[in-house]
Amino acid sequence: MHADALPHPEPAPLSETCPECLAVGAHPVQLRICLECGHVGCCDTSPLRHATEHHKESGHPIMRTFEAGESWRWCFVDHVLV
């Protein structure tokens, strides 16, 4: 499983919000952080789906919610919560 290969500690977030949304003037919905590089992107509820796009472009397999009070993780490759 890809969760076994995650870096410890987790990477620091590269931004406080989705930079791709900011660049086009969109409002990000539900932020996610890539657990390989720290990229912050908006979730699939957001029209632009930047967290998923980051996975498609980078191949980085696992993201974690970047929302206060939440801690779940998602593996894009295996399509499971980890």
So which residues in region 7-18 are in contact (Cβ under 8 Å) with a residue 24 or more places away in the chain and open to solvent by 20 Å² or more (accessible area, probe 1.4 Å), if there are any at all?
Pro7, Glu10, Pro11, Ala12, Pro13, Leu14, Ser15, Glu16
For the list (1) of a type in the set (Asp, Glu); (2) closer than 17 Å to His2 by Cα; (3) touching a Leu at 6+ places or on another chain (Cβ under 8 Å), I need the number of the one condition that Glu67 fails.
(2)
Members of region 39-52 found to be open to solvent by 60 Å² or more (accessible area, probe 1.4 Å) and in contact (Cβ under 8 Å) with a residue 24 or more places away in the chain, listed by number
Leu48
Any residue that is of a type outside the set (A, V, I, L, M, F, W, C), modelled with pLDDT of 95 or more and either in contact with a Lys or Arg (Cβ under 7 Å, 6 or more places away or on another chain) or open to solvent by less than 50 Å² (accessible area, probe 1.4 Å) (or both) - is there at least one of those in region 19-31?
no
Kindly indicate the residue of region 53-74 that is over 10 Å from the mean Cα position of the chain (by Cα) and not polar (S, T, N, Q) and also surrounded by the most Cβ atoms within 10 Å (Cβ to Cβ) among those meeting that condition.
Glu67
Top-ranked residue in region 53-82 [being assigned to a loop (DSSP other than H, G, I, E, B) and in contact (Cβ under 8 Å) with a residue 24 or more places away in the chain; ranked as farthest from Ala12 (Cα to Cα)]:
Asp78
Just checking, does region 55-64 include any residue being among the hydrophobic types (A, V, I, L, M, F, W, C) and out of contact with any strand residue (DSSP E or B) (no Cβ under 6 Å at 6 or more places or on another chain)?
no
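The values are calculated or read from the model by the stated rules, or taken from the named source; none is laboratory data. This is a predicted model, so every value here is computed, not measured. Please note: Cβ atoms are built from the backbone with ideal geometry, for glycine as well, and neighbour counts cover all protein chains shown. With ligands, DNA and RNA removed, areas are computed over all heavy atoms of the protein, side chains included. Shrake-Rupley method; radii C 1.70, N 1.55, O 1.52, S 1.80 Å.
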